[in-house]
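This report refers to the structure that appears directly beneath it.
The values are calculated or read from the model by the stated rules, or taken from the named source; none is laboratory data. Quantities reported herein were computed from a predicted structural model and do not represent experimental measurements. Reconstructed Cβ throughout: ideal geometry from the backbone, glycine too, with neighbour counts over all protein chains shown.
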Amino acid sequence: MTNKYQQRRRSRGGFTLIEILLVVAIIAMLASLVAVNIPKYIKSSRISAAKGQISNFDTGINAYLLEHGKYPATLEALTAGDEPVMASLPIDPWQNPYKYLYPGKHPPYKYDISSFGPDGIENTDDDIANWKTENAGTTGGSFSR
């Protein structure tokens with residue numbers, strides 16, 4: 001009789017409690033690794049997005065320069081008129097407006113455009129701007145007027 005019971009038990013498909021607990025433990029470890037690394041990637045993606053938006057502003061400002069023969073006094077000028085250069089003005093990834101200054105204070109750039117970065121405070125190390133070293137040469141008024 002014991003032999004029939006063991007035979008019947010072996011023929012049933014299914015997982016033991018130990019096997020299920022082992023799979024759950026492995027999934028929990030993988031989930032914790034992912035959860036720990038997500039904030040690091042969110043911060044770097046927001047910084048990349050801000051750099052990209054500053055580059056888009058550079059394109060819009062240079063298009064404005066070509067159409068009007070001068071740099072805009074404010075960023076709002078890029079969205080004004082019957083045929084605006086930009087459809088709307090984006091805010092930075094930390095929900096703050098970009099700062100634009102013409103004429104700029106950082107030669108050789110004709111204008112300054114910046115985001116205050118993750119801390120939202122101006123003139124700190126985490127600011128993202130067209131005159132910062134990592135962005136040099138990509139934005140900042142390549143036309144001379």
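Okay, here's what the table says:
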quantity	calculated
Those residues of region 100-117 which are under 13 Å from D58 (Cβ atoms), assigned to a loop (DSSP other than H, G, I, E, B) and not basic (K, R), in sequence order	Y102, G104, Y109, Y111
Test: residue in region 47-60 that is hydroxyl-bearing (S, T, Y), modelled with pLDDT of 90 or more, farther than 16 Å from I128 by Cβ and surrounded by fewer than 15 Cβ atoms within 10 Å (Cβ to Cβ)	yes
Any hit, region 84-98, residues being surrounded by 10 or more Cβ atoms within 10 Å (Cβ to Cβ), at pLDDT 90 or above, aromatic (F, W, Y) and within 16 Å of I128 (Cα to Cα)	yes
